[in-house]
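Enquirer: My structure is below; once you've seen it, I'll send some questions.
Derivation of every value follows stated rules applied to the coordinates shown; laboratory data play no part. Just so we're clear, the structure is a prediction, and the values are computed from it rather than from any experiment. Quick reminder, even Gly has a Cβ in these numbers, built from the backbone with ideal geometry, and neighbours come from all protein chains shown.
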Amino acid sequence: QVQLVESGGGMVQPGGSLRLSCAASGSVFRFNVMGWYRQAPGKERELVATITSGAISNYADSVKERFTISRVNAKNTVYLQMNSLQPEDTAVYYCNLYYPISDINYWGQGTQVTVSS
C-alpha cells in the first residue's frame, strides 16, 4: 500500500505562483510514474503533468511553459511549480502514483488551488 500526502495549495491572484508537493510513503517501488491531475467543479479529472522515475515528463497543453514538474526519487517526492496562474487553473489538484507494470494507481486526498483577484 502507498500513501500520498499533498501540500502547498492555496489562493493566489492571477499571474501568481504556487508550488505543490507530494510525498509518497509505504511500499514505494522504484519504477513508477508520479504526477498531478486536477478537477474543477462540474468537470472531469484531467491530467496536468507526469514524470517517470527516469525523469521523463509530460504536460497537458494548457500548462506547458507555465508549470514544471520535478521529483526527488530518494525522497519519493514530486513537485509541481505553477507560474503565471490563471483563473482557469482553479481546481482540486490530486497527486498520483502509477505502477505501469501492474497497472495500479494511488491517489492523494487532493489540495485546493484557487486563482482569483
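Enquirer: Scanning segment 90-116 for residues that are out of contact with any helix residue (DSSP H, G or I) (no Cβ under 8 Å at 6 or more places or on another chain) and more than 15 Å from residue 34 (Cα to Cα), which turns out surrounded by the fewest Cβ atoms within 10 Å (Cβ to Cβ)? Step through it out loud before you land on a result.
Expert: Within segment 90-116, the subset out of contact with any helix residue (DSSP H, G or I) (no Cβ under 8 Å at 6 or more places or on another chain) is 90-112, 114.
Filter once more, so that each one left must be more than 15 Å from residue 34 (Cα to Cα): 90-92, 111-112, 114.
On the way: 90: 17, 91: 22, 92: 18, 111: 22, 112: 11, 114: 15.
Filtering first and then ranking leaves 112.
Enquirer: Hey, another quick one. Please work out which one of (1) over 14 Å from residue 98 (Cβ atoms); (2) touching a residue at least 12 places away in the same chain (Cβ under 8 Å); (3) among the hydrophobic types (A, V, I, L, M, F, W, C); (4) outside any loop (DSSP other than H, G, I, E, B) is the condition residue 55 fails and give its number.
Expert: Status for residue 55: all satisfied but (4).
Enquirer: May I pose another question? Quickly run through segment 100-117 and pick out the residues that are closer than 23 Å to residue 41 by Cβ and part of a loop (DSSP other than H, G, I, E, B).
Expert: In the first step, residues of segment 100-117 are kept if they are closer than 23 Å to residue 41 by Cβ; the result is 105, 107-117.
Selection gives 108, 109, 110, 116, 117.
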